[in-house]
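Working notes, structure below.
The values are calculated or read from the model by the stated rules, or taken from the named source; none is laboratory data. Quick caveat, the model's predicted, so the values are computed rather than measured. Every residue, glycine as well, gets a Cβ built from its backbone with ideal geometry; the counts of neighbours run over all protein chains shown.
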Amino acid sequence: MVSNAVPLPEGPIPPKQAGDAHHGVWTLLEQVADPEIPVVNLREMGILRDVRNGADGLEVVITPTYSGCPAMSQMFDDVVATLASAGVAARVLTQLAPAWSTDWMTTQARDKLRAYGIAPPLPSGCGVVTQVVQFALKKKASSLTETVACPQCGSQNTTEISHFGSTACKALYRCLNCQETFDYFKPY
Ligand SMILES: [Zn+2]
């Protein structure tokens, strides 16, 4: 499994420009979306990590979000099928290290999630302190703790109903301002 000589970039992958290496392949693979979040493509999710020249030809590198996530095998198949249908000969490699993080999601992905009705993940480093936030909201210390904003109305007066929402990677929240419930994509 330790076969990668070339270190992979960490963090969000910005959109590729016309002059960038393998621009056409990157653009092609932007057709592939996360099956659970069809509005966000694999590059924006931070799952598509690299397109590079390997020893045996072109290589496409993807990093799974959550190990055991059933959507990952479908994403892998979708990448292979998309390459094949465009006549691009490439090996698709799954790389587990460095591990994917919600911090790798691009700004566009977060905006699309919000528009889709899912609260995007807060930075994973700040910790999830939702219980504390309920109290902190009343105080001036709210700038120290980040809160999950409602994707419908933007209110930060929200509360967690269940730590597990429609999928294990999301939590179910309710907005106390507009009363809507929504999924929160948990930091990972
Ligand atoms: Zn709301």
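Points to keep in mind about this one:
- Scanning segment 109-127 for residues that are in contact (Cβ under 8 Å) with a residue 24 or more places away in the chain and surrounded by 16 or more Cβ atoms within 10 Å (Cβ to Cβ) gives ALA109, LYS112, LEU113, ARG114, ILE118, ALA119, PRO120, PRO121, LEU122.
- Residues in segment 69-95 that are of a type in the set (Gly, Ala, Ser) and at negative phi were compared, and the one that is modelled with the lowest pLDDT is ALA71.
- Within this structure, PRO151 passes the test of being modelled with pLDDT of 95 or more and in contact with a Phe, Trp or Tyr (Cβ under 6 Å, 6 or more places away or on another chain).
- Residues of segment 8-54 classified as at negative phi, in contact with a helix residue (DSSP H, G or I) (Cβ under 8 Å, 6 or more places away or on another chain) and part of a loop (DSSP other than H, G, I, E, B), total: 13
- The set of residues in segment 151-188 that are part of a strand (DSSP E or B) and away from the ligand (no atom under 16 Å from the Cβ) comprises SER162, LYS170, PHE185.
- Scanning segment 55-73 for residues being part of a helix (DSSP H, G or I) and in contact (Cβ under 8 Å) with a residue 24 or more places away in the chain gives a total of 1.
- The combined condition, being surrounded by 18 or more Cβ atoms within 10 Å (Cβ to Cβ) and under 18 Å from PHE185 (Cα atoms), is fulfilled by PRO64.
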